[in-house]
Amino acid sequence: MSKGKQTKQQILATALNVATATSLNDLTIGGLATITGLSKSGLFGHFNSKENLQLEVLEYAQSIFTDAVIQPTVNMNSAMEKLLTTVECWLNWYRSQGSSCIFVSTSVEFDDQPGAIQDLVKKRLQQWLEYLTQLAQTAVNEGQMKGDARQFVFELYSLYLGSQHMVWVGFEDEQHTRFKCALSALIQRYQ
């Protein structure tokens, strides 16, 4: 990796930390320049606009998400094992970057702000839900689950969102114990 590319990766890592600590909307080139000790014009040269910075932070987060959540299951053969491992990885994928999932927080933050950020987050969340649906459908096809895979994913994602919110308000622990209990009950209903 070239020095310029390495520097940009470090900038994006810092920017992701900032965005998850506050909000993606609060992330600015000037604020990031202060935090990184780099010049505002140098950062502007990397991103050209606040929106481009935000989009690149989301793409950077997507690459981390893929490495942390999807890659660990690539060689698994059992659909149910793959699904359960994926969910386990999904619960805490963002912990090294911040206190919340950038995609969940940004989907809430930009739900009423049409534009490139909203479009990208919506697209990524749709892709994620389709991926989970494919995993669940494969488990159904293999006889490890029964029922409607899309309904299963709807319930799974609802539990995930609830768990993330409940951790934030202190009603769920950091290990997502209540989520895991609810997930176990959900899977039993589909077996």
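List nothing, just return the count: lysine pairs in the chain, 8 or more apart or interchain, with Cα separation under 18 Å.
6
Wrap a convex hull around the Cα atoms of the stretch 48-142, take a quarter of its surface area, and give that in square nanometres.
So the Cα hull casts an average projection of 6.7 nm².
For the chain, what is the accessible area per residue in Å², given a 1.4 Å probe and the full set of protein chains?
53
What's the local net charge at GLU142, with K and R +1, D and E -1, over the other residues with C-beta under 15 Å away? Don't skip to the end; give the middle numbers.
Details: positive: LYS82, LYS146; negative: GLU81.
Summing Lys and Arg as +1 and Asp and Glu as -1 gives +1.
Under the 0.36 nm per residue contour assumption, what length would be gained going from the current alpha-carbon distance of GLN113 and VAL74 to full extension?
That pair, GLN113 and VAL74, stretches by 10.5 nm at full extension.
Which angle from 0 to 90°, rounded to the nearest 10, does the C-alpha axis of helix 50-65 make with the longest principal axis of the chain?
40
How far apart, in nm, are two points set 7 Å out from the Cα along the Cα-to-Cβ line at ASP173 and at SER41?
Each label point is offset 7 Å from its Cα along the Cβ direction, giving 5.5 nm.
Ignoring ligands, DNA and RNA, what percent of the 1.4 Å accessible area of the stretch 47-136 is carbon and sulfur? List each step's numbers first, then the result.
On the way: 2090 of 4130 Å².
Roughly 51 percent, rounded to a whole number.
Output the relative contact order of the stretch 18-150, whole-number percent, from Cα pairs under 8 angstrom with separation of 6+ residues.
27
Run the helix sum for the chain: -39,500 (n - 2.57) per DSSP H stretch of 4+ residues, divided by residue count, reported at 222 nm to the nearest 500 deg cm²/dmol.
-22500 deg cm²/dmol
Scan (i) 18.3, 57; (ii) 16.1, 50; (iii) 16.3, 47 for the value of Rg and Dmax of the Cα atoms in Å calculated from this model and give just the label.
The calculated read-out lines up with (i).
The values are calculated or read from the model by the stated rules, or taken from the named source; none is laboratory data. Note that this is a predicted model, so its numbers are computed, not measured. For neighbour counting, all protein chains shown are included, and Cβ atoms are generated from backbone atoms with ideal geometry for every residue, glycine included. Side chains are part of the model used for accessible areas, which takes the heavy atoms of the whole protein and leaves out ligands, DNA and RNA. Shrake-Rupley method; radii C 1.70, N 1.55, O 1.52, S 1.80 Å.
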